[in-house]
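Bear in mind that the values in this text are calculations on the coordinates, not laboratory data. Owing to the predicted nature of the structure, the values given are computational and were not obtained by experimental measurement. Here Cβ is always computed from backbone atoms with ideal geometry, including for glycine, and neighbour counts include all displayed protein chains.
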Amino acid sequence: MLEVHDVWKKYGKTWVLKGVNLKINKNALVGIVGDNGSGKTTLLKIISGLIKPNKGRVKLFNSDIRENLNYKSMIGMLFHENTLYDELTVEENLNFYAKIYGLEKMSDIAAEIFKRMRLENYKDTKVKDLSHGMKRRVNLVRALINNPKIVLLDEPLSGLDEKSRKTVKKIMIELSNEKIIIFTSPTEVNIDCIKYKLINGVLVK
Amino acid sequence: MKIYWLILKDLKVEFRRGFELLSLLLFVLLVSLLISQSSYFLSESVLVPSLFILVIFISIFVSTMTFTKEMDKGTIFSIKLAPVHPSLVFTSKFIFTFILVTLNGLIAILFLVLFSSAYNLLNILHVFILFSAYLSVVSSFSSALAMYSESRSSLASMLIFIFVMPIIPSILKMDVLILFIGFLVMFLTFILLFDYIMEV
C-alpha cells in the first residue's frame, strides 16, 4: 500500500535522510522515534508529497504519489505547527477544511473524534483563544476531516495533558484497524505499534 | 465552489483581525488628504499620478496579507495538502487582493473628490479598476514568490515595484488596451508559474 523507497534529502550541505526505506502493506500503527532535527518531520512531509526528496520515491497503491492525482485525498496530516486560522472559530475552521476537501461537512470519523476530544463546548471559540493543547486536538480532527486512508501525525502527543494523551493513543490504535497511521515522537512511546528509529538519517527497526 | 470558500475565509480572517485593515484605511485617508491639499499649491495634474502611486502602496500592504501570511502562520501546508488545484488557490488570492485594493482605492478617490473637487477623477475609474486588477495579480504572485524567503515581506514589496515598472508608461498615457493585455498576460503567466511555486 505505502512504500518509501531509498529516500534521500538534504538541506544545504547536510543530508537529513540517507536512503530511508519503509514498506507498509496493510493497515497498521507505525511509530518513528528520533531526536529533534533527526528528520522525522521531513520524512512525513516527503510521504505526504509536500516536499520532494533529492533521491528516491514514495509509492501509494503501486503508483508514485507525484503521478497519482488522488493522493491528496488519501492523506491526512497533523503538522507540528498549528494550521488553523486564529481569527476563525473551531467550527468555522473545520467547516472551511471540509468545504475545500469537497465535503458538505466533516467526515463521521472526524465528528466522532471531535466529540471524544471534548471539543463540543469550544466549537464557537476562536482558535486564538484556545490553549496549545486544545489547538493540537482541533488540528487532529482537521487531519481526519475527509476520513483519509493514510494519516501522518507529527508528534501527536506533544503539548497534551495526560488524559488527552491517553485518548489520542486509544484513538490511534482504533484508527489503525482501518487506516495506515504513521506517527513520530522524540521519545519512546508506550504503545503497541511497529516501531522504527530514525538515527543519522537512516530508519532502523 | 472551493474558490468561494477560499475567498470567504481570507475576507473573514482579515476583517476580524481588524487592526491591519484599519491602519491601511487610515493610511489611505491621510494620504488622500495630503494629496488633495498639495494639489491646491502645486497643480491638479499631480492628482492622477499620486492616486496611482497610492494604489501601488495599497497593493504592497495587501501583499503581506496573502501568501506570506499563510507561510508565517504555517497554514500554507494544509492548503498545499488539500485537493485544491494551485490555479484555484492563486485565483482566490488574486480576487481577495483585488477586493481590498479596489475598495481602498475607491475610498481614496472619494476623499480626493471631496477634498479637492477633482471630479475628473471619476472619468478614469475604468483605468483605475484595470490598474487595480493588474496590481492584484502582481501583488499575489510577488507574495507567493517571496513566501519561502526569510525576509518575505520586504522581498514581495520589491518584486511588486519590479513588475509594475513596465506598465507605468501605459498608465500615464491612460492606455486601456495595453493595461488590459498586460493584466491578461500576467494573470495567465503567473497562474502557470504558480503550479511550480506550490510544488517546492
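Could you tell me what a quarter of the Cα convex hull surface of the protein assembly as shown works out to, in nm² with one decimal place? Walk me through the intermediate numbers first.
Values: hull surface 84.6 nm².
With every direction weighted equally, the projected area is 21.2 nm².
When A:TYR97, A:TYR196, B:TYR40 are ordered from fewest to most other Cβ atoms inside 10 Å of their Cβ, what list results? Could you put the intermediate results ahead of the total?
Details: A:TYR97 25, A:TYR196 20, B:TYR40 10.
Placing the least packed residue first, the sequence is B:TYR40, A:TYR196, A:TYR97.
Quick one: dipole size for the protein assembly as shown, taken about the Cα centre, charges +1 on Lys/Arg Cβ and -1 on Asp/Glu Cβ, in debye to the nearest 20.
Values: 47 positive and 34 negative charges, 306 e Å.
Dipole of the protein assembly as shown, to the nearest 20 debye: 1480 debye.
Where does each of B:LEU100, B:LEU33 land when they are ranked from fewest to most other beta-carbon atoms within 10 angstrom?
Numbers: B:LEU100 25, B:LEU33 15.
Arranged by neighbour count, lowest to highest, B:LEU100, B:LEU33 become B:LEU33, B:LEU100.
Going by how many other beta carbons lie within 10 Å of each one, how would you line up B:LEU155, A:LEU153, A:LEU198, B:LEU122, fewest first?
Sorted ascending by nearby Cβ count, the order is B:LEU122, B:LEU155, A:LEU198, A:LEU153.
Once Lys and Arg get +1 and Asp and Glu get -1 on their Cβ, which of B:PHE190, B:MET1, B:SER63 lies farthest toward the positive end of the dipole of chain B?
Comparing the listed Cα positions along the dipole, B:MET1 ranks first.
Strictly greater than 26 Å: what percent of every Cα pair in region B:2-199 meets that? Display every interim value, and only then the final one.
On the way: 6253 of 19503 pairs.
Roughly 32 percent, once rounded to a whole number.
Show which lysines lie in cross-link reach of A:LYS170 when reach means a straight Cα distance below 20 angstrom and same-chain residues fewer than eight apart are skipped.
A:LYS170 reaches A:LYS26, A:LYS115, A:LYS135, A:LYS149, A:LYS179, A:LYS195.
What are the extents of the Cα atoms of region A:1-77 along their three principal axes, listed from largest to smallest and rounded to whole Å?
33, 25, 20
Can you give the calculated 222 nm mean residue ellipticity of chain A, where each DSSP H run of n ≥ 4 adds -39,500 (n - 2.57) and the sum is split over every residue, rounded to the nearest 500 deg cm²/dmol? Write out the running numbers ahead of the final one.
Numbers: 6 runs with 59 residues, N = 205.
Taking each H run of at least 4 residues, the total per residue is -8500 deg cm²/dmol.
What whole-number value in cubic angstrom gives the convex hull volume per residue for the C-alpha atoms of chain A? Don't skip to the answer; put the middle values down first.
Working: hull volume 24.2 nm³, N = 205.
Convex hull volume per residue, Cα atoms: 118 Å³.
Would you list which aspartates and glutamates come within 17 Å of A:LYS205, measuring only between C-alpha atoms, while excluding same-chain residues fewer than 8 positions from it?
Filter leaves A:GLU3, A:ASP6, A:ASP35, A:GLU188, A:ASP192.
Using the beta-carbon distance between A:ASP192 and B:LEU192 and R0 = 56 Å, what value does 1/(1 + (r/R0)^6) give for FRET efficiency, to the nearest 0.05?
Details: r = 49 Å, r/R0 = 0.87.
Rounded to the nearest 0.05, the efficiency is 0.70.
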